[in-house]
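Beneath this line is the structure, given in structure tokens, with notes to follow.
The values are calculated or read from the model by the stated rules, or taken from the named source; none is laboratory data. Every value quoted in this text rests on a predicted model; they were computed, and no experiment measured them. Neighbour counts run over all protein chains shown; Cβ positions are idealised from the backbone, glycine included.
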Amino acid sequence: QDAPRVAAALPGIVTDKAFNENIYDGLVAIEDKYGSDIAYTENVSQATQVEVMSDYARRGYDIVIGAGGEYTDAAERVAENFPETTVVVPNGAPTPGVTTINYNNPEFGYLLGVVAGGMSKTGVIAALSAQKFAAFDNVVDGYRRGFQSVQPDGEVLVAYTNDWADVALAKEAAYNLISKDADVLMPYLDGAWVGVVQAAQERGAHTVGILHESESNLVSARLDFARALMMAADLYAEGKLEPKDYVIHLTQDEQLGDFNAIVPEEVQAMARDAIQKIKSGELTFD
Amino acid sequence: MFDFLTDASQLADVLGTALRLSIPLIFAAMGGLLCERSGVFNIALEGQILFGAFGAAVGAYYFGTPYMGLLIAIAFGALSGVLLAVLGVTLRVNQIVVGIAIILFAAGFTSFMSRLLFPGGGNSLKLNGFENIDIPVLSDIPVLGPVLFSQNGLVYGALFAVIAVHFVLFRTRVGMSIRAVGESPAAADAAGIHVFGLRYACVIVGSSMAALGGAYLVLTQVLLFSDNMSAGKGFIALAAIVLGRWQPRIAFMACLLFGFFDAVQLRLQFDQPEIPFQVFAALPYLVAILALVGLMGQANPPASVGRPYDREMR
Amino acid sequence: MTAAPDRLALEGIVKQFGTFRANDDVNLRIAKGSIHAILGENGAGKSTLMNVIYGLYEQDAGRIISNGQEVRITDPREAMALGIGMVHQHFKQVNTMSVVENVVLGLPGKQILDLDDDRRRVRELAAELGSEIDPDQPMWTLPIGTQQRVEILKMLYRDADLLILDEPTSVLTPTEIRAFFDLLEKLRESGRTILLITHKLDEVMDLADRVTVMRLGRVEAELEIAETNPRELARVMVGRDVVFDVEHTAPKVGDPVLEIEGISAVDNRGIGALDGLSLTVRGGEILGLVGIDGNGQGELAETIAGLRDISKGRISICGQDARGFDPAQRKSALGMGYVPEDRQKVGLDLDSDIAFNMVLRSFRAPPFSRAGWINFRKIRSHAEDLAGRYDVRMQNVSQRVRDLSGGNQQKIILAREIEDDPRLLVVAQPTKGLDVGAIEFVQRTLLAQRDRGTGVLYISSELEELLLVADRLAVIFKGRIVGEMPASEATSEKLGLLMTGKELTT
Amino acid sequence: MSAESQTTDAPRLLAAIRVLYMLKTVWAVIVALLIGAIFILLAGGDPIEGYTALFKGAFLDYWGIGDTLVRMSPLLLAGLAVIIPLRAGLFNIGAEGQIYIGALFATIAALYLPDVLPGFVRIILCMVAGALGGALWAAIPGVLKAYRGTNEIITSLLLSYVAIYLIGAVLHAWLIEPGAPYPYSREIDRELELPIFMPRTQAHIGIMVAWAAAILVGVMLWRTTLGQSIQVVGHNKHASAYAGLSVKRLTVLSFAMGGSMGGLAGTFEVLGLKYRLFDHFSPGYGMQGIIVAFLAALNPIGAIFAAIFLAGLQVGAGSMQRATGIDTTMVAALQGLVVLCVAVGLAFRFHPDRWRRRIAAWRGRG
Ligand SMILES: Nc1ncnc2c1ncn2[C@@H]1O[C@H](COP(=O)(O)OP(=O)(O)OP(=O)(O)O)[C@@H](O)[C@H]1O
Ligand SMILES: Nc1ncnc2c1ncn2[C@@H]1O[C@H](COP(=O)(O)OP(=O)(O)OP(=O)(O)O)[C@@H](O)[C@H]1O
Ligand SMILES: [Mg+2]
Ligand SMILES: [Mg+2]
């Protein structure tokens, strides 16, 4: 069977230009490549995760995706009940019976931290998310290390909005970070990232991308889950996708997006240098 | 921790944030207050903000000007008001059920339609919004100048709404009738006042006002439409009405209070990374509860609020 | 009969609530420039008919003819346009608004409010009515009598030429009633027409030109005042002879059942209402409490009942300190019955049925409940028994009390409070709004209780009534008792002086 | 038409009309679905296919029934949380907060009760803890109302927000499972997971407890002095005082009893469904409880059916979405429409005499 049927349960909406849309893009790419039958449900609440994923499994989808770490438990239960189905959780904690795919978060954060270190004039940068949890913490750890590798006395502010999609609130949070001297911002948000970019543009600050891509970013080191899903689909087609934790390391220059024209060459070089160090194992993160 | 209170530029920022977060609340609270004063409980504010935001995006996107956005936002708000009035006033369906149903419907309808109407979804819009208007001289005052006198038209509109609602309710004859209808429709009816007419008018105008809160979000704040962007503001506005004891001026201050503490909590969070951010996020709500409890005496809502009027009922 | 044209004629009016016919083929002609009284038992359909005329209810059948023209009145606005004004039995007021706002409500005028002229006119009109009213007082702070005056003001202010008065004087003082009637006579002379509903037969005899008696929704009789007398009216109204003079034997006075020593309390607004008041009621006597409405009568009754805190003093019921007993315990443990003044707001749960209201104050105790479980069968049979004995007119005991007439509501309270043979009975305005038949019933019941040895504190603003039933009278003024005397020695003049705070000069 | 057939026909016609009225909820749903069909067509879907999937997914298939029941449980309990205080004239729109606090208490009990206790004892203790948590949280607006006169609608609403943040903070600072990919607590003991009564579904016995709770609430309201007292307070506070009832105590008590229902709802979400405490686990059950309460006209037994109806609608709509690919957002809009139409439907009452007159009028003309 070389055209896997793939379905995803998403916590948000597919037009958020961030995590959810990224997953959706992955589905579409798989459809394009394999002619697969794809399906998805948006705005799946915590209470209905198992219901939705089980239903897809029952409807005969080969790969059922629970998009995000909060699906880990549900995925485990669905995998138990439907041994025929491959259950995939991007950004999930390693779980028996479930395929989890993770980027090595600190590496990506580090890279962005280095760029921020090269660009920050104030010595203060910031990261925003809706909630506090492991993946974001890890990104921030790397981000801080990268930043302090350039500006050892630099400070990293962290703020939470409690809402992945509230653009206006994210914008206000960004304003406040900027007024606390932060001049590079890293939104780790769904649709709400737009507000952060808007605030940065209005107030002469910069953004870097981790879940989203935007021309106005200095650069994006995107945790590209579309690619991760494609990888999973490829493995599945080859019959090699296993229920285990796949970790994607920063191994290629392309994992760093294009630099914004305003980023000076020496900062770009610093970033490339950092990639080399990570690749070569000179820099490690656990 | 509270250094932003002493640093002028930071203070201006916090106050600016507070005001921006308050404006949608003010529109919604004034709209809701008008409805409640006429005896109709409008719990649908949340949905009406969303309708307004959606209408504003539709207008600004298809006509290229924020003014059309405003117009269509008002139209959406008015339509939801008509719905509430027909069901909750004429057909005497429980107003709370109608309100919640409107909220549910608004959430689904606007998300759904935004996908049909906006290519790439409402999140990718870049709408033309309103520019700030600097009031000469005043806007140069330090701290307060930029906060108060360099704002866009809708901010001034919100302040005007407060004054207008207060003026109409307490300085005009029709306002007196509205208050009477909200307090005792039977007495108003016997005095020859059109109970239903006034309730319809208040609900439609009030709902349109709430919709302006949504239009403000879209046309001046984020210039795009995102699903459920009302994000609970309608409920906070309801709280502000009670906190404001059904008085426009106090309700206005309650909105500012919410806005201020929301701004402050954003500020406090990243100064205290060791304290869970939720502690600060809960601050506006805790302050509101304390304010409610601390108020001396009790505030009485308009006596007939939420009770549909039926002439022949004893 | 004079050839005055009809100001208003009703032909075949039918008004139905659900399956119940409140008005059944009512015909009525009211001559221009006359005062036309309408009499009838509680629940006869008088108010319903008036509401039809005023456009609050729409008739199911029948025609209304105003000044010779058939009209359709579907709204009070249309009634007003036809020159009809009304004082409603249940006040139609906005409690949070001031007097003047209530008066001008709904009137046309400049949009921007400026009520200075209106204030002045309200004062003038009030003076004409023989009372003083502050136009800026919020309505809810006013004593009920003043509220009634405002209702009258409201109607006069509108300059109607057909005035419908549905029990306009039920809580006015005698002097106010006099002034009001003078005013009505003046209005009649100026060519206005007045439709008056009242239960007080002497008012009808005094004032009216013609009278229509209603019974069970129908017109029972239409009489020229000159050709009738109170006895006949009462008989037509109730369908039997009414005894006006109650049998009054000498009291057999026993031990004190209520001892009040120097109590003070505040009213709803927090203003002092009782000021060191002392009073004793003995078993087997009826003590009538006389006073102008608003001098603390209501608060006194509530403190005795346990519904209002006292700041000073002591209340003993049947020899026991009443402190620490809640209102229900005062009934069950201390043997006190209480008939509150406001039967609809305090005395009854209008949204429950008759059966439950009969045990409203005792449903938490055996035999009506055990260990928290309610015995509805018991409650039902108890209610059926009481309703029969107290002649409550109803369909069945599962009927909602809200749908009963005022007289029948009062009977439920009386039945409940008297049933378990109280030793002390406090009754506040027990006959307010009742028809003569019901009043007779109430008074007989109270006398029977007295004769069994119950001590009765009878609070009323009806002097006549107190002089008739009480054995002893006490006068309350500004929260104190300013005089006590046996009923046999009391005269209206003496009481009148005491009630207004003057000393008796003997 | 002869006079004779008129007299024999009218009652039959009247009876027919009465039946039409009795089915008003059905008509309302049909109207809502018809309007919804327009949206489905707009979105390029096939309404017939969609609605078939909806009904099948909600009520006609084993899994669907399981899902519907699972969803029913929090809806029903949240409905009861609204009904009890509302019978005392108090509006609890903060059931959401009570659900969260109940879940927190239950989770703490589940994680920290000594495991020497047998599983079922611990389950019961968890339920008690959850109910207690909800009750305590709900008692706050109750107490403020009773002793300060503070508007309970608003305090209960505001406290919901506080509760949600409180759960977040507790997770953040204390209960979070180290390294968790989302803010959630450690998993509860296997022994504490509620037994499932429909194999391979998630239908846990909490559902039956919820039914039992509804029946108990009904018995309490209709058969006990407490229930009657609560209703007298709801009807008339002055008469309550006169009847010797303590309005203040009953205010607090009815709020707390309602809150305990919300607390149970939260408890079952932890013990029966998620097996952990999740941040933001409730998708607004508190607000939906208000709909349940009003659709049931405040009748606790009716609430069972209202909750099944609403749960079925949600589950069926999701099923329809997955079967046909119709946009999820459309499904949300459809729910609003159905609630609106059903509420309108409930407003229509059958008035036999009005219809009798109308029939007579038609006959007269015809
Ligand atoms: N809105 C209503 N709905 C149902 N029944 C009503 C309504 N209004 C009046 N009734 C019933 O109609 C009858 C007549 O009531 P109405 O108030 O006209 O009596 P009334 O003659 O004014 O009595 P009273 O002397 O006590 O004022 C009563 O039995 C009452 O219960
Ligand atoms: N409009 C008002 N403004 C200020 N105080 C008022 C007003 N109306 C009533 N009060 C005061 O509030 C208290 C309660 O009044 P009231 O007895 O009318 O309310 P209630 O009938 O118990 O309330 P509800 O109408 O909710 O049943 C009293 O102390 C009364 O004096
Ligand atoms: Mg009241
Ligand atoms: Mg009457």
Report task. State all residues of region C:410-445 that are closer than 21 Å to C:Ala234 by Cα, within 16 Å of ligand 1 (Cβ to nearest atom) and assigned to a helix (DSSP H, G or I); if no residue qualifies, say none. Result -> C:Gln410, C:Lys411, C:Val436, C:Gly437, C:Ala438, C:Ile439, C:Glu440, C:Phe441, C:Val442
Query raised in the report: Out of all the residues in region C:180-203, is one or more closer than 30 Å to C:Arg269 by Cα, surrounded by fewer than 20 Cβ atoms within 10 Å (Cβ to Cβ) and more than 16 Å from ligand 1 (Cβ to nearest atom)?
Result: no
Query raised in the report: If a residue has to be in a loop (DSSP other than H, G, I, E, B) and either crowded, with 18+ Cβ neighbours inside 10 Å or touching a residue at least 24 places away in the same chain (Cβ under 8 Å) (or both) to count, how many in region C:102-113 make the cut?
Result: 3
Query - Residue tally, condition within 14 Å of ligand 1 (Cβ to nearest atom) and of a type in the set (D, E, K, R), over region C:160-176 - result: 2
Query raised in the report: What tally of residues in region C:307-343 results from selecting those that are more than 8 Å from chain D (Cβ to nearest Cβ) and either at positive phi or surrounded by fewer than 19 Cβ atoms within 10 Å (Cβ to Cβ) (or both)?
Result: 15
Query raised in the report: What pairs can you find where one residue is in region C:320-349 and over 19 Å from C:Arg452 (Cα atoms), the other is more than 16 Å from ligand 2 (Cβ to nearest atom) and among the basic types (Lys, Arg), and their Cβ atoms are less than 8 Å apart, with a gap of 6+ or different chains?
Result: C:Asp321/C:Arg314; C:Ala322/C:Arg330; C:Arg323/C:Arg314; C:Pro327/C:Arg361; C:Ala328/C:Arg361; C:Ala328/C:Arg364; C:Glu341/C:Lys432
Query raised in the report: Out of region C:122-143, which residues are surrounded by fewer than 18 Cβ atoms within 10 Å (Cβ to Cβ) and within 16 Å of ligand 3 (Cβ to nearest atom)?
Result: C:Pro138, C:Trp140, C:Thr141
**Report entry** Among the residues listed as D:Val162, D:Val217, D:Val233, the single one being at pLDDT 95 or above, touching a Phe, Trp or Tyr at 6+ places or on another chain (Cβ under 9 Å) and assigned by TED's automatic domain parsing to the domain that holds D:Leu111
**Finding:** D:Val162
Requested in this report: Would you check which residues across region C:27-42 are surrounded by 23 or more Cβ atoms within 10 Å (Cβ to Cβ) and within 14 Å of ligand 1 (Cβ to nearest atom) and list them?
Outcome: C:Ala37, C:Ile38, C:Leu39, C:Gly40, C:Glu41
Requested in this report: Can you give me the number of residues within region B:108-126 that are surrounded by 24 or more Cβ atoms within 10 Å (Cβ to Cβ) and either among the hydrophobic types (A, V, I, L, M, F, W, C) or touching a Pro at 6+ places or on another chain (Cβ under 7 Å) (or both)?
Outcome: 1
Query raised in the report: Tell me, which residue of region C:47-91 that is assigned to a loop (DSSP other than H, G, I, E, B) and more than 24 Å from C:Pro108 (Cα to Cα) is nearest to ligand 3 (Cβ to nearest atom)?
Result: C:His90
Query raised in the report: What residue, of D:Ala210, D:Ala173, D:Ala129, D:Ala163, is surrounded by fewer than 18 Cβ atoms within 10 Å (Cβ to Cβ) and assigned to a helix (DSSP H, G or I)?
Result: D:Ala173
Report task. Report, by residue number, each residue of region A:143-163 that is out of contact with any Leu (no Cβ under 8 Å at 6 or more places or on another chain) and in a helix (DSSP H, G or I). Result -> A:Arg144, A:Arg145, A:Phe147, A:Gln148, A:Ser149, A:Val150
Query - Where a residue in region C:39-62 is closer than 18 Å to C:Asn27 by Cβ and more than 14 Å from chain B (Cβ to nearest Cβ) and its partner, wherever it lies, is assigned to a loop (DSSP other than H, G, I, E, B) and within 9 Å of ligand 4 (Cβ to nearest atom), with Cβ under 6 Å and at least six apart - result: none
Query raised in the report: Going by the conditions given, is B:Phe261 more than 9 Å from chain D (Cβ to nearest Cβ) and more than 30 Å from C:Met50 (Cβ to Cβ)?
Result: yes
Query - Count of region C:376-407 residues which are of a type in the set (Ser, Thr, Tyr) and within 16 Å of ligand 4 (Cβ to nearest atom) - result: 1
Requested in this report: Write out, first by first residue and then by second, each pair whose Cβ atoms fall under 8 Å of each other, whose residues are 6+ apart or on separate chains, and whose first residue, in region D:238-254, is free of Cβ contacts under 8 Å to residues at least 24 places away in the same chain and within 12 Å of chain C (Cβ to nearest Cβ) while the second is of a type in the set (Asp, Glu) and surrounded by fewer than 24 Cβ atoms within 10 Å (Cβ to Cβ).
Outcome: D:His238/C:Asp342; D:Gly244/C:Asp326; D:Ser246/C:Asp326
Report task. Those residues that are surrounded by 23 or more Cβ atoms within 10 Å (Cβ to Cβ) and more than 12 Å from the chain's Cα centre (by Cα), I need them from region D:277-305; list them, please. Result -> D:Leu277, D:Phe278, D:Asp279, D:Phe281, D:Ser282
**Report entry** So B:Ala299, is it farther than 30 Å from C:Ser47 by Cα, within 16 Å of ligand 3 (Cβ to nearest atom), touching a residue at least 24 places away in the same chain (Cβ under 8 Å) and surrounded by fewer than 21 Cβ atoms within 10 Å (Cβ to Cβ)
**Finding:** yes
Query raised in the report: Going by the conditions given, is C:Glu232 surrounded by fewer than 16 Cβ atoms within 10 Å (Cβ to Cβ) and without any contact (Cβ under 8 Å) to a residue 12 or more places away in the chain?
Result: yes
Query - Count - residues of region C:52-99 that are among the polar types (S, T, N, Q), closer than 22 Å to C:Leu187 by Cα and crowded, with 17+ Cβ neighbours inside 10 Å - result: 2
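Listed here are the residues, each with its yes/no results for (1) β-branched (Val, Ile, Thr); (2) within 16 Å of ligand 3 (Cβ to nearest atom); (3) facing another protein chain (nearest Cβ under 9 Å); (4) in contact with an Asp or Glu (Cβ under 9 Å, 6 or more places away or on another chain).
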position	(1), (2), (3), (4)
B:Ile275	yes, no, yes, no
B:Val279	yes, no, yes, no
B:Pro284	no, no, yes, yes
B:Val287	yes, no, no, no
B:Ala291	no, no, no, no
B:Leu295	no, no, yes, no
B:Val305	yes, yes, no, yes
B:Tyr309	no, no, no, yes
Requested in this report: Any residue in region D:193-214 that's touching a residue at least 60 places away in the same chain (Cβ under 8 Å): show its pairings with residues that are of a type in the set (Lys, Arg) at Cβ separation under 9 Å, as long as the two are six or more apart or on different chains.
Outcome: D:Gln202/A:Arg77
Query raised in the report: Is there a residue in region C:105-119 that is away from ligand 1 (no atom under 14 Å from the Cβ), touching a Leu at 6+ places or on another chain (Cβ under 8 Å) and within 11 Å of chain B (Cβ to nearest Cβ)?
Result: no
Query - Number of positions in region A:78-136 that are under 24 Å from A:Ala173 (Cα atoms) and assigned to a loop (DSSP other than H, G, I, E, B) - result: 8
Report summary line: Only one of C:Ile315, C:Ile310 is assigned by TED's automatic domain parsing to the domain that holds C:Thr431, assigned to a loop (DSSP other than H, G, I, E, B) and among the β-branched types (Val, Ile, Thr), namely C:Ile310
Requested in this report: Please work out if A:Val52 is in a loop (DSSP other than H, G, I, E, B) and under 29 Å from D:Glu269 (Cα atoms).
Outcome: no
